[in-house]
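**Student:** Sending over a structure as structure tokens; questions will come in a sec.
The values are calculated or read from the model by the stated rules, or taken from the named source; none is laboratory data. Predicted, not measured: the structure shown is a model, and the values here were computed from it. Quick reminder, even Gly has a Cβ in these numbers, built from the backbone with ideal geometry, and neighbours come from all protein chains shown. Ligands, DNA and RNA are stripped out before the accessible areas are found, and what is left, the full protein with its side chains, is counted by its heavy atoms. Shrake-Rupley method; radii C 1.70, N 1.55, O 1.52, S 1.80 Å.
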Amino acid sequence: PERKVADHACECCRVALLPAREGGVEAMWRHIFEPNIRDHATARLNPDGTASGFRRATTDNWRLDACPHHGPGLAADAHAGANGFHTVWFGIRKVNGQDLAAVRYARLNPRGEPLPKSEQVLPDPRAEHADVMAHGANVAVVWRSSDGAVTTLKAWLSQDGGQSFQLKTLSQTTGDNDHPRLAQSGSKMVVVWRTSQEIQVHDIAF
């Protein structure tokens, strides 16, 4: 049956879903916090159909009377027994009085709350529609980046649980293209990217 998880979700951004270790599903979405702040929230969708653990997960304090069409990514963080999450999202926040738009990465605790000092800005001012996945200490973040003529598929890879990353370029296209998505089988990760010419699958090599 349909169940209400929370009021005032931003209706146009995709919802990130992740199987929960104890059963059910973890969800993260762009929420509308009072008075009109488009940050993100997390909650647990339980096997009995109820929802629990509503938490605010990002604090850009982005006030916008519109839908950004730019949802988050969510992955489990099991490195060193963390039992939390990795997340990526797009937002605009005030930095030194100026609006700074960026895709950001951070780790969340098991309750879905941000861990202090874990946040990093992706090393690409044109980054958009990022996805994230993790296996042990390996963390992969992928996104597309366009200069108006060429769109580049990029990856940001960590082998220490998200403490540090290395940037890689995976592919480019000049035609229409979709959001890149990460997929996993055991420890193997791939990124799937659909362009107007083909569907590309790239192995993630740490």
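**Student:** Among 201, 66, 103, which residue has its Cα furthest toward the positive end of the charge dipole of the chain, with +1 on Lys/Arg Cβ and -1 on Asp/Glu Cβ?
**Tutor:** 103
**Student:** What ranking do 123-131, 48-56 get when scored by the average of other Cβ atoms within 10 Å per residue, highest first?
**Tutor:** 123-131, 48-56
**Student:** Which entries in 117/168; 94/154; 117/154; 4/117 show an alpha-carbon gap greater than 28 Å?
**Tutor:** Numbers: 117/168 24 Å; 94/154 26 Å; 117/154 24 Å; 4/117 33 Å.
Those over the limit are 4/117.
**Student:** Sorted by accessible area (1.4 Å probe), largest first, how do 11, 198 line up?
**Tutor:** On the way: 11 140, 198 95 Å².
Final ranking, largest accessible area leading: 11, 198.
**Student:** Here's something else I'd like to know. Mind ordering 159-167, 181-189 by average Cβ neighbours within 10 Å, highest first?
**Tutor:** Numbers: 159-167: 15.0, 181-189: 13.0.
Highest to lowest by the protection proxy: 159-167, 181-189.
**Student:** Within 10 Å, count the other beta carbons around each residue, average over each peptide in 132-144, 29-41, and list them highest first. Can you show the working numbers first?
**Tutor:** Details: 132-144: 22.4, 29-41: 18.5.
Ranking, from highest mean packing down: 132-144, 29-41.
**Student:** Sketch the reach of a paramagnetic label on residue 197 as a point 7 Å from Cα along Cα-to-Cβ, and name the residues of the stretch 144-160 whose backbone nitrogen lies under 20 Å away.
**Tutor:** Inside the label zone: 144-155.
**Student:** Here is a further query. With Cβ to Cβ distances under 15 Å as the rule, what net charge do the other residues near residue 141 carry (K, R +1; D, E -1)?
**Tutor:** Numbers: positive: 104, 107, 126, 144, 154, 168, 181; negative: 77, 119, 124, 128, 131, 160.
Result for the neighbourhood of residue 141: +1.
**Student:** Separate question: Among the aspartates and glutamates, which fall within straight-line cross-link reach of residue 188, defined as a Cα-Cα distance under 14 Å, with same-chain neighbours fewer than 8 residues apart omitted?
**Tutor:** Within the straight-line cut-off, residue 188 pairs with 203.
**Student:** Go through [x] 16.4; [y] 18.3; [z] 17.5 and flag the label whose value is the computed Kirkwood radius over Cα pairs in Å for this structure.
**Tutor:** [z]
**Student:** In addition: In debye, nearest 20: dipole of the chain around its Cα centre with unit charges on the Cβ of K, R (+) and D, E (-)? Mind dumping the intermediate values first?
**Tutor:** Details: 23 positive and 23 negative charges, 62 e Å.
In debye, rounded to 20, the chain gives about 300.
**Student:** Would you mind getting me the FRET efficiency between residue 164 and residue 109? Use the beta-carbon distance for r and R0 = 22 Å, nearest 0.05. All intermediate terms of the calculation are to be shown ahead of the outcome.
**Tutor:** Values: r = 20 Å, r/R0 = 0.92.
Given R0 = 22 Å and the Cβ-Cβ separation, E is 0.60.
**Student:** Further, regarding this structure: So, with +1 on the Cβ of K and R and -1 on the Cβ of D and E, and no other charges, what is the size of the charge dipole of the stretch 56-141 about its Cα centre, to the nearest 20 debye? Before the final figure, lay out the partial values.
**Tutor:** Details: 9 positive and 9 negative charges, 49 e Å.
For this selection, approximately 240 debye.
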